[in-house]
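Step one of this worksheet: look at the structure below.
The values are calculated or read from the model by the stated rules, or taken from the named source; none is laboratory data. Only a predicted model underlies this, so the values are computations on that prediction, with no experimental measurement involved. Using ideal geometry, Cβ is built from the backbone for each residue, glycine included, and neighbour counts are taken over all protein chains shown. When the accessible area is computed, the model is the full protein with side chains, heavy atoms only, and any ligands, DNA or RNA have been set aside. Shrake-Rupley method; radii C 1.70, N 1.55, O 1.52, S 1.80 Å.
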Amino acid sequence: MIDSSELFVLYRQYESGGKIWLMLGLSSTDSDYDDILKIAECLAIEGHEVKILRAVHYKDPLYNLIFGELEDTRYYRKCPDLWVDGYYVEYESYSTPLPRNAFRNMLHNGLAQSDCIIIRHCNLTDGYMIRTLRGHIHNGVAVSKVWIFNGENLRLLYKTEG
(Lines give C-alpha, C1' and ligand atoms only; values in the text may rest on other atoms or scores of the structure.)
Protein backbone atom coordinates (compact mmCIF):
# COMPACT_ATOMS: atom_id res chain seq x y z
CA MET A 1 0.00 0.00 0.00
CA ILE A 2 1.29 3.45 -0.84
CA ASP A 3 1.86 6.46 1.39
CA SER A 4 -1.49 7.63 2.75
CA SER A 5 -0.73 11.29 2.34
CA GLU A 6 -0.69 11.02 -1.45
CA LEU A 7 -4.07 9.46 -2.22
CA PHE A 8 -5.96 9.40 1.06
CA VAL A 9 -7.31 11.94 3.48
CA LEU A 10 -7.57 11.22 7.20
CA TYR A 11 -11.27 11.13 8.07
CA ARG A 12 -11.13 10.28 11.76
CA GLN A 13 -8.68 9.10 14.41
CA TYR A 14 -9.63 7.29 17.62
CA GLU A 15 -8.09 7.10 21.09
CA SER A 16 -7.49 3.39 20.48
CA GLY A 17 -5.01 4.36 17.75
CA GLY A 18 -7.42 3.37 14.99
CA LYS A 19 -7.75 5.57 11.93
CA ILE A 20 -10.12 5.89 9.00
CA TRP A 21 -8.69 7.11 5.71
CA LEU A 22 -10.82 7.99 2.67
CA MET A 23 -9.40 7.54 -0.81
CA LEU A 24 -9.52 10.68 -2.92
CA GLY A 25 -12.34 10.49 -5.47
CA LEU A 26 -14.48 8.25 -3.26
CA SER A 27 -18.19 8.83 -3.95
CA SER A 28 -20.39 9.36 -0.91
CA THR A 29 -23.45 8.65 -3.07
CA ASP A 30 -22.60 4.99 -3.65
CA SER A 31 -25.32 2.69 -2.34
CA ASP A 32 -23.08 1.01 0.24
CA TYR A 33 -21.09 4.09 1.30
CA ASP A 34 -22.87 4.57 4.64
CA ASP A 35 -22.51 0.90 5.56
CA ILE A 36 -18.82 0.88 4.64
CA LEU A 37 -18.19 4.02 6.67
CA LYS A 38 -19.93 2.48 9.71
CA ILE A 39 -17.92 -0.73 9.26
CA ALA A 40 -14.71 1.31 9.10
CA GLU A 41 -15.75 3.06 12.31
CA CYS A 42 -16.37 -0.29 14.07
CA LEU A 43 -12.91 -1.51 13.06
CA ALA A 44 -11.10 1.76 13.84
CA ILE A 45 -12.63 1.94 17.33
CA GLU A 46 -10.97 -1.44 17.96
CA GLY A 47 -7.60 0.09 16.96
CA HIS A 48 -7.37 -0.93 13.31
CA GLU A 49 -6.15 1.30 10.51
CA VAL A 50 -8.83 1.30 7.81
CA LYS A 51 -8.66 2.74 4.31
CA ILE A 52 -11.88 3.02 2.36
CA LEU A 53 -11.08 2.36 -1.29
CA ARG A 54 -12.79 3.24 -4.53
CA ALA A 55 -12.96 1.30 -7.76
CA VAL A 56 -10.06 1.88 -10.15
CA HIS A 57 -9.79 0.31 -13.61
CA TYR A 58 -6.99 -2.24 -13.67
CA LYS A 59 -5.32 -0.48 -16.65
CA ASP A 60 -5.12 2.80 -14.72
CA PRO A 61 -1.61 3.28 -13.24
CA LEU A 62 -3.34 4.08 -9.95
CA TYR A 63 -4.58 0.47 -9.79
CA ASN A 64 -1.07 -0.87 -9.27
CA LEU A 65 -0.41 1.69 -6.55
CA ILE A 66 -3.54 0.77 -4.59
CA PHE A 67 -4.20 -2.85 -5.55
CA GLY A 68 -0.78 -3.94 -6.83
CA GLU A 69 -0.48 -6.58 -4.11
CA LEU A 70 -3.31 -8.44 -5.84
CA GLU A 71 -1.24 -9.10 -8.96
CA ASP A 72 -0.65 -12.81 -9.53
CA THR A 73 -3.60 -13.68 -7.31
CA ARG A 74 -7.12 -14.70 -8.21
CA TYR A 75 -8.22 -11.21 -7.08
CA TYR A 76 -6.22 -9.29 -9.69
CA ARG A 77 -8.40 -6.76 -11.56
CA LYS A 78 -10.75 -6.64 -8.54
CA CYS A 79 -11.28 -3.62 -6.27
CA PRO A 80 -12.13 -4.61 -2.70
CA ASP A 81 -13.87 -1.96 -0.59
CA LEU A 82 -11.49 -1.73 2.36
CA TRP A 83 -7.87 -2.10 3.33
CA VAL A 84 -7.57 -3.08 7.02
CA ASP A 85 -4.14 -3.40 8.64
CA GLY A 86 -2.57 -4.72 5.47
CA TYR A 87 -5.28 -6.94 4.03
CA TYR A 88 -8.09 -6.28 1.59
CA VAL A 89 -11.69 -6.72 2.69
CA GLU A 90 -14.84 -6.81 0.57
CA TYR A 91 -18.28 -5.80 1.84
CA GLU A 92 -21.41 -7.42 0.39
CA SER A 93 -25.07 -6.69 0.97
CA TYR A 94 -27.96 -8.16 -0.95
CA SER A 95 -31.65 -7.52 -0.68
CA THR A 96 -34.13 -10.31 -1.25
CA PRO A 97 -36.97 -11.85 0.73
CA LEU A 98 -35.06 -15.17 0.56
CA PRO A 99 -32.24 -15.00 3.12
CA ARG A 100 -30.48 -18.19 1.97
CA ASN A 101 -30.29 -16.85 -1.58
CA ALA A 102 -29.00 -13.52 -0.25
CA PHE A 103 -26.30 -15.24 1.79
CA ARG A 104 -25.27 -17.48 -1.10
CA ASN A 105 -25.01 -14.48 -3.45
CA MET A 106 -23.08 -12.37 -0.93
CA LEU A 107 -20.62 -15.22 -0.33
CA HIS A 108 -20.14 -15.88 -4.02
CA ASN A 109 -19.67 -12.21 -4.94
CA GLY A 110 -17.59 -11.32 -1.89
CA LEU A 111 -15.19 -14.25 -2.14
CA ALA A 112 -14.57 -13.36 -5.79
CA GLN A 113 -13.10 -10.04 -4.54
CA SER A 114 -11.18 -11.09 -1.41
CA ASP A 115 -10.70 -13.94 1.03
CA CYS A 116 -11.72 -11.54 3.84
CA ILE A 117 -15.36 -10.47 3.56
CA ILE A 118 -18.04 -8.68 5.49
CA ILE A 119 -21.60 -9.87 4.93
CA ARG A 120 -24.75 -7.91 5.69
CA HIS A 121 -26.80 -9.82 8.28
CA CYS A 122 -29.63 -11.72 6.58
CA ASN A 123 -31.34 -13.41 9.56
CA LEU A 124 -29.73 -16.82 9.25
CA THR A 125 -28.25 -18.82 12.11
CA ASP A 126 -24.51 -18.88 12.63
CA GLY A 127 -24.61 -22.66 12.29
CA TYR A 128 -26.16 -22.45 8.83
CA MET A 129 -23.72 -19.77 7.69
CA ILE A 130 -20.67 -21.66 8.99
CA ARG A 131 -21.84 -24.92 7.34
CA THR A 132 -22.23 -23.03 4.06
CA LEU A 133 -18.77 -21.47 4.46
CA ARG A 134 -17.23 -24.87 5.14
CA GLY A 135 -18.84 -26.14 1.95
CA HIS A 136 -17.10 -23.38 -0.01
CA ILE A 137 -13.79 -24.12 1.72
CA HIS A 138 -14.19 -27.85 0.98
CA ASN A 139 -14.65 -26.90 -2.71
CA GLY A 140 -11.31 -25.04 -2.71
CA VAL A 141 -12.45 -21.45 -2.13
CA ALA A 142 -10.04 -19.46 0.04
CA VAL A 143 -11.75 -17.98 3.11
CA SER A 144 -9.66 -16.21 5.76
CA LYS A 145 -12.17 -14.10 7.68
CA VAL A 146 -15.90 -13.49 7.55
CA TRP A 147 -17.65 -10.82 9.59
CA ILE A 148 -21.36 -10.18 9.94
CA PHE A 149 -22.56 -6.57 9.89
CA ASN A 150 -26.03 -5.82 11.27
CA GLY A 151 -26.12 -2.13 10.37
CA GLU A 152 -24.57 -0.98 13.64
CA ASN A 153 -22.15 -3.63 14.85
CA LEU A 154 -19.59 -5.92 13.33
CA ARG A 155 -18.81 -9.39 14.65
CA LEU A 156 -16.42 -12.05 13.51
CA LEU A 157 -18.23 -15.16 12.30
CA TYR A 158 -15.30 -17.18 10.97
CA LYS A 159 -11.52 -16.99 10.97
CA THR A 160 -9.08 -19.48 9.48
CA GLU A 161 -7.05 -21.07 12.22
CA GLY A 162 -3.41 -20.03 12.48
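In segment 31-53, the residues that are surrounded by fewer than 21 Cβ atoms within 10 Å (Cβ to Cβ) form Cβ pairs under 8 Å with partners that are among the basic types (Lys, Arg), at six or more places apart or across chains, as follows: 35/120; 41/12; 49/19. Within segment 75-86, being of a type outside the set (Val, Ile, Thr) and either surrounded by 14 or more Cβ atoms within 10 Å (Cβ to Cβ) or assigned to a strand (DSSP E or B) (or both) holds for 75, 78, 79, 80, 81, 82, 83. Within segment 137-162, residues that are without any contact (Cβ under 8 Å) to a residue 12 or more places away in the chain have Cβ atoms under 6 Å from residues that are open to solvent by less than 40 Å² (accessible area, probe 1.4 Å) in these pairs: 137/143; 155/148; 156/147, counting only partners at least 6 apart in sequence or on another chain.
Test of understanding: among 45, 20, which residue is in contact with a Lys or Arg (Cβ under 9 Å, 6 or more places away or on another chain), modelled with pLDDT of 95 or more and of a type outside the set (D, E, K, R)? Of 45, 20, the one residue that is in contact with a Lys or Arg (Cβ under 9 Å, 6 or more places away or on another chain), modelled with pLDDT of 95 or more and of a type outside the set (D, E, K, R) is 20. Of everything in segment 3-60 that is closer than 19 Å to residue 93 by Cα and of a type in the set (Gly, Ala, Ser), the residue that is nearest to the chain's Cα centre (by Cα) is 40.
Looking at 89, 9, just one residue is part of a strand (DSSP E or B) and buried (at least 19 other Cβ atoms within 10 Å of the Cβ), and that residue is 89. Within the bounds of segment 62-74, is there any residue that is among the acidic types (Asp, Glu), open to solvent by 80 Å² or more (accessible area, probe 1.4 Å) and closer than 20 Å to residue 19 by Cα? There is no residue in segment 62-74 that is among the acidic types (Asp, Glu), open to solvent by 80 Å² or more (accessible area, probe 1.4 Å) and closer than 20 Å to residue 19 by Cα.
Of all residues in segment 129-150, those that are among the hydrophobic types (A, V, I, L, M, F, W, C) and either on the phi > 0 side of the Ramachandran plot or not in a helix (DSSP H, G or I) (or both) total 7.
Scanning segment 121-152 for residues that are exposed (fewer than 12 other Cβ atoms within 10 Å of the Cβ), within 24 Å of residue 40 (Cα to Cα) and polar (S, T, N, Q) gives 123, 150. Looking only at residues of segment 106-120 that are of a type outside the set (Val, Ile, Thr) and not in a helix (DSSP H, G or I), we find that the one that is nearest to residue 42 (Cα to Cα) is 120.
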